[in-house]
Every structure is written in structure tokens, then in C-alpha cells.
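Some notes on the structure that comes next.
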Amino acid sequence: MSENGLGDKFVIGIDLGGTFVKFVYARANGEILMYDKIPTRVSHGAPAILGDIANKINDLVIKNGHGRESIIGCGIGCPGTVDADFRKVIFAPNLKWNDVDVKGKLEELTGLSVFIDNDANLAALGELWRGAGRGVDDFICVTLGTGIGGGIVVNGKLLRGVNNNAAEIGHMTIDFNGAQCGCSNYGCWEKYGSASALIARVLNFLSINKNQRSKIPSIIFELCSNDLSKLDCELIFEAARRGDPIAKSAVNQQIEFTAIGLINLIYIFNPNKIILSGGLSAASDALINPVIETVFKKAPKVSLRELEITVSNLGNDAGTMGAIYLVLNEKSFIN
Ligand SMILES: [Zn+2]
């Protein structure tokens, strides 16, 4: 991989999320010069969001003063399915987008080359280029956040599938009769192993407990100042740490369900590394360490010989680093 002479060229990496659009302005050698973010105006629709992104790109180009000719291009990770020509977002449920020509519109509004890809795939490329996936040929990125996302690298390349829709690991079915998911299917892994799933499980346990004759005492109400809308995963882990039976039981189920998905992935892909990211990956003692312990008890021994499960050291930067890598790769600055 040759990266010589990239210090005087610049790239803009963008991560389009359901709440914020994150930007990094970086040297093409990966050195980040500036971070920025804007809110994603989901209710205003695609034209408004793409207009906001283009304005911010133009703003960053002017602010940094390197001149348009020194910008190699913009890479953007989108939270949905991207078409095989890498122009359009075919479907992005969180943004309520169908068939949006992201590349065409942003190129028209900025005059720069724009490259798009799925956000989880770009996070995997970011890990491959600058993170825990560096020098690893077979690894899986698993984002344990509001939902569960994934990017799979096999033989040093992203696994894309025939319709560019591979690695939707959060939607593998683990219970055919389970709860309905945002994808319309039932019993998807993310309905059991995501942060939203943990919160939903605790709320469900509390509501069952409320109707019991002999109620289990719980400190959860007290921890969230009697306002269950304030309930988040950190608070649940804290309650579990203090021995709250409801929180403990919900976290124990979360550990099992998270491990189930990882074990399935290990059986299918026999990876060298699993790189965890997303909000839940920070809960090392409460969640991640017990998950790893369970995986190492139950996954096939032969697949565990070379396996390492680690937390991403790029964290929130993986997606934007991947977006930069995408541009460099497309423009043949690296290969
Ligand atoms: Zn689903």
C-alpha cells in the first residue's frame, strides 16, 4: 500500500447517521485536521439533508483554504442499502429514504467527486486501514448500538453479496416467533442484543413485576428518578452492579443473546478477529467480558484457536476513516 505524497492532498470523510452527520477533513494520509457535525433533519426529507451536507462540505473546503484542486473527493457512509453502482441509497429505514441519488446530488451541489457506501461496510474498511483490522485478512466488525450493524472482511476484502446487501448481521433470525423488527421480519438478533433491546427487556420485566402479587424490589425507579423515560443502558448496568435482580436478569439475557449471534458468526466465517464497537462495547465488565467468556465456552474449539475478540480503538472514527479510505481506493491512491 503506497501512501507517499498524500500529505498535500485532502479528503472529506462523512458518516451520515440518523441523529447527526459527522464530518472529518483530513490529509489523504489519514491525519485528521478537523471534525465537524450537523444534525440530520430526518423529518425534512432527503433534499434538505443532502443540501445541509453539501453546504457543510463547501464550508469545510473554504475554512481549510487548501483549494478545491487539492481535494481528492468526499466519501460518505449511509445507513442503508446502497445500489450496485454505488450511486443511490435504495432503502434507509431510519432516514425514511427510498432510491435517493446521493452521489449525483452531492456532486452537483459541491463540484467534488463523491463516493458512497453502506456505513457499517465503511466502518470495517476504517478498521482495515487504520484500526484493529490492520493486517488481518478475516475479521468481522460488530456494532452493538441502538441496532446491530456489521461489516465482514474475507481474504482482505469486504464481503458484499450479489446485491451489495451482505453482512446485515443484526437481522439474522434467532427466534422465528420473536418480536417484530424494523426490517419487518421477526426475531432478528438486534431485537435481542442491541441497546434498545436491553432497555425494552428491562421495561418489560418491570411491567410484569408490577402486576405480581409479591413484587421483586428494584432500585431501577430510584436510579432514574422515577422517570422510566430516562432509563438507559448505563443505568441498567449500574443497577445490575448493585445487585438489582431485575437488571441482573435482563443483563444476563443480554449476555446470552449477544453471545448467540457472535457464535453463529464464528461458525459461518471462522474469523481471525471480531472487532466490537458501538455504545454497548464500552460496558466491558458488565457485558463484553462475560460475552467473550460465553463465546469461548460455546463456539467450536477449532475456530477459537486463532480468534481474538477486541473492542475497536477507532470508536466513532471508524466510519469516517473508512469513508476516506473509500475515496483513496476509488481514486487509486492506495490499493
Ligand atoms: Zn430485522
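The values are calculated or read from the model by the stated rules, or taken from the named source; none is laboratory data. Here the structure is a predicted model, which means the values were calculated and not measured. FYI the Cβ positions are ideal-geometry reconstructions off the backbone, even for glycines, and counts take in every protein chain you see.
Residues of region 123-144 that are in contact with a Ser or Thr (Cβ under 8 Å, 6 or more places away or on another chain) and either under 20 Å from Asn164 (Cβ atoms) or among the hydrophobic types (A, V, I, L, M, F, W, C) (or both): Ala123, Gly126, Glu127, Ala132, Cys141, Val142, Thr143, Leu144. Looking only at region 212-227, decide whether some residue is touching a His at 6+ places or on another chain (Cβ under 6 Å) and of a type outside the set (Val, Ile, Thr). Within region 212-227, not a single residue is touching a His at 6+ places or on another chain (Cβ under 6 Å) and of a type outside the set (Val, Ile, Thr).
The set of residues from region 189-203 being in contact (Cβ under 8 Å) with a residue 60 or more places away in the chain, within 13 Å of the ligand (Cβ to nearest atom) and not small (Gly, Ala, Ser) comprises Trp189, Tyr192. Residue-level analysis places Tyr192 among those that are buried (at least 16 other Cβ atoms within 10 Å of the Cβ) and among the hydroxyl-bearing types (Ser, Thr, Tyr).
Counting only residues that are over 29 Å from Ala132 (Cα atoms), buried (at least 20 other Cβ atoms within 10 Å of the Cβ) and without any contact (Cβ under 8 Å) to a residue 40 or more places away in the chain, how many does region 237-281 have?
2
Residues that are under 25 Å from Glu31 (Cα atoms) number at least 3 in the following strands (runs of 3 or more DSSP E) confined to region 58-138: 71-78, 114-118. For region 175-188, filtered to residues that are near the ligand (Cβ under 8 Å from one of its atoms) and surrounded by 15 or more Cβ atoms within 10 Å (Cβ to Cβ), the residue that is modelled with the highest pLDDT is Cys188.
Only one entry in Thr173, Thr110 is of a type in the set (Ser, Thr, Tyr) and closer than 27 Å to Arg41 by Cα, namely Thr110. Of all residues in region 163-204, those satisfying the criterion of being closer than 25 Å to Phe221 by Cβ and part of a loop (DSSP other than H, G, I, E, B) are Ala179, Ser194.
Of the residues making up region 294-335, those that are surrounded by fewer than 19 Cβ atoms within 10 Å (Cβ to Cβ), polar (S, T, N, Q) and closer than 27 Å to Ile268 by Cβ are Thr294, Ser303, Thr310, Asn313, Asn329.
A quick yes/no check of all residues on (1) free of Cβ contacts under 8 Å to residues at least 12 places away in the same chain; (2) surrounded by fewer than 13 Cβ atoms within 10 Å (Cβ to Cβ):
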position	(1), (2)
Pro39	no, yes
Val42	no, no
Leu50	no, no
Glu69	yes, yes
Gly75	no, no
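Look through Ala179, Ala250, Ala239, Ala195 and report the one residue that is within 20 Å of the chain's Cα centre (by Cα) and either farther than 30 Å from Asn155 by Cα or among the aliphatic types (A, V, I, L, M) (or both). One residue alone meets the criteria, Ala195. Scanning region 143-167 for residues that are within 11 Å of the chain's Cα centre (by Cα), within 15 Å of the ligand (Cβ to nearest atom) and either surrounded by fewer than 19 Cβ atoms within 10 Å (Cβ to Cβ) or small (Gly, Ala, Ser) (or both) yields Gly145, Gly147, Gly149, Gly150.
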